[in-house]
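The structure under discussion appears below in the form of structure tokens.
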Amino acid sequence: MLVKIRLASGPRVNQRGRKNQHNALALASLLTPAALMADALALWRLAADLNIARQFPIAEGLYSHWQVWVSAAAVLHLGAVLLNRYGKATPAVQKSVREPERNLADSHF
């Protein structure tokens, strides 16, 4: 006895676009100012260490070092760049004029 099972075809999987492009762009637009604020805090802490600026409000702990703020700013900025790349599927610079096809000078092909 031979039993054949026929399954109905289901919906096709759409692999054209990225679903969360708008979310990635929104989060990237929030990460950029956060990175700039971390840069400002790093600069303030560094200036406070050099006695150029007033005392930094965080006197003790992990966040009292300027290196932590610089690395946090770098990570935030990298995240913003990666999310912007994910959100913008088309390249930023597009070719507007096609180059003419180049042939060799004495070619018969």
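The values are calculated or read from the model by the stated rules, or taken from the named source; none is laboratory data. Bear in mind that the values here come from a model prediction, so they are computed numbers and not experimental data. Cβ atoms come from the backbone with ideal geometry, glycine included; neighbour counts cover every protein chain shown.
Tabulated data
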read-out	value
Checklist (1) surrounded by fewer than 13 Cβ atoms within 10 Å (Cβ to Cβ); (2) in contact with a helix residue (DSSP H, G or I) (Cβ under 9 Å, 6 or more places away or on another chain); (3) of a type outside the set (Lys, Arg); (4) at pLDDT 90 or above applied to Leu50, failing item	(2)
Which listed residue, of Ala72, Ala80, Ala40, is free of Cβ contacts under 8 Å to residues at least 40 places away in the same chain and closer than 27 Å to His22 by Cα	Ala72
Only listed residue being out of contact with any Cys (no Cβ under 7 Å at 6 or more places or on another chain) and under 14 Å from Leu76 (Cα atoms), chosen from Ala28, Ala53	Ala28
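One line per residue, one yes/no per condition, for (1) in a loop (DSSP other than H, G, I, E, B); (2) among the hydroxyl-bearing types (Ser, Thr, Tyr); (3) modelled with pLDDT of 90 or more; (4) under 25 Å from the mean Cα position of the chain (by Cα):
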{"position": "Leu25", "(1), (2), (3), (4)": "no, no, yes, yes"}
{"position": "Ala28", "(1), (2), (3), (4)": "no, no, yes, yes"}
{"position": "Pro57", "(1), (2), (3), (4)": "yes, no, no, no"}
{"position": "Ala72", "(1), (2), (3), (4)": "no, no, yes, yes"}
{"position": "Gly79", "(1), (2), (3), (4)": "no, no, yes, yes"}
{"position": "Ala89", "(1), (2), (3), (4)": "yes, no, no, yes"}
